[in-house]
Structures are given as structure tokens and as C-alpha cells.
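The values are calculated or read from the model by the stated rules, or taken from the named source; none is laboratory data. These numbers were taken from a predicted model, which means no experiment stands behind them. In this analysis, Cβ positions are derived from the backbone assuming ideal geometry, glycine residues included, and neighbour counts consider all displayed protein chains. For the accessible areas, the whole protein counts, side chains as well, though only heavy atoms, and no ligand, DNA or RNA atoms are used. Shrake-Rupley method; radii C 1.70, N 1.55, O 1.52, S 1.80 Å.
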Amino acid sequence: MPRIPLNVAATLPRTLGPPPKALPSDFSPTAADARSLYRSLWRVGSLSIMYSNPGHKVIREKIREAFEESRKNPAKTPQDIKEQWERAFNTRFFFEIASTRFGVEHRVISNMCVVTAEKNKGTTRSLKPAVIQNQKEVEREYTKVIHALNESMRLSLR
């Protein structure tokens, strides 16, 4: 188990909350609900990686990107809206688990942040074509794994 800094340990939840319940069939989210979800995802997501420096920024960027994308291309049917929100609540619960147990969930979130930070950093030197091909292959496999994780657990990881 990783060593937890004191300022992070004070914010850790003592017990894991209940899993998200199914949304009612007449669920209609408001702008305030979306803002609240954004803030709670950011708070719990940052806690799940213990506020590490590149991870905190990556979590913020990914959540912001997802919310901007959903604002530009909103879900059309009530069924799609409900599924989007269920996935968001499941993702929040996944973050909560990652922040309390430091198990597989924590490693998944941490590794996603490291991969994204490295990808955003880029390279300053020229690479051989074989290395570039390997990087593209790794990125394709990474995308497949994240997609499979999202589909199997009904999450919205990016």
C-alpha cells in the first residue's frame, strides 16, 4: 500500500458509500445537477490518485473534455441521457473505490493518468519508424482495453 501524505489522509472517506442506484425512469437532469456531478467527479477523481501533480491535471482535463463534448453533442433520447448519467455515477463510484482501497482500481486510474501525461508531453527527438509503429500499436491496444473496461463495468473512462 502506498504511503499516504497527511493532507490526503485527512480527506479520505472512512467507509465506502453505497453503490449508485438505478436512476428513476422520469429522470431529468438540470444544469445544477451537471455542475454538481462535474465537481464531485473532479474531487473524487483527484482523491483517487492522491492529488499527484500530473494526475490531478490529467483528471481535470479529461473531465472537462468529456463535459464539453456532451455539451456540444447532447444525448437526444431520454434513454441515452439516463445511460450517460448512470455511466457517470458508476465512474464516480469507481473513483471512490480507487481512493479507499488502493487496489486494482487505483492502479488503473494512476496508470491512465501516467499514460495520458506522457502522451501530452510529446517527444523532442526524432524517433525511428519502428518505434513510432510500436507506439501506435500500444496506443491502439490501450484504447481497446479502456473501451472494454467501460463496456464491461458501464463506466465513462477516457
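Points to keep in mind about this one:
- Qualifying residue in segment 104-111 (condition: outside any helix (DSSP H, G or I), open to solvent by 100 Å² or more (accessible area, probe 1.4 Å) and either without any contact (Cβ under 8 Å) to a residue 60 or more places away in the chain or of a type outside the set (S, T, N, Q) (or both)): no
- Meets criteria (closer than 22 Å to Pro54 by Cα and either open to solvent by less than 100 Å² (accessible area, probe 1.4 Å) or not in a loop (DSSP other than H, G, I, E, B) (or both)) for Ser70: no
- Breaking point among (1) modelled with pLDDT under 85; (2) open to solvent by less than 50 Å² (accessible area, probe 1.4 Å); (3) in a loop (DSSP other than H, G, I, E, B), for Val8: (3)
- Any hit, segment 87-101, residues being open to solvent by less than 40 Å² (accessible area, probe 1.4 Å), assigned to a helix (DSSP H, G or I), in contact with a Phe, Trp or Tyr (Cβ under 6 Å, 6 or more places away or on another chain) and modelled with pLDDT of 90 or more: no
- Residues that are closer than 17 Å to Glu86 by Cα and open to solvent by 80 Å² or more (accessible area, probe 1.4 Å) within segment 28-43 comprise Ser28, Arg35, Arg39, listed in sequence order.
- Checked against the criterion of being open to solvent by 30 Å² or more (accessible area, probe 1.4 Å), in contact with a helix residue (DSSP H, G or I) (Cβ under 6 Å, 6 or more places away or on another chain) and of a type in the set (A, V, I, L, M), segment 44-52 has at least one qualifying residue.
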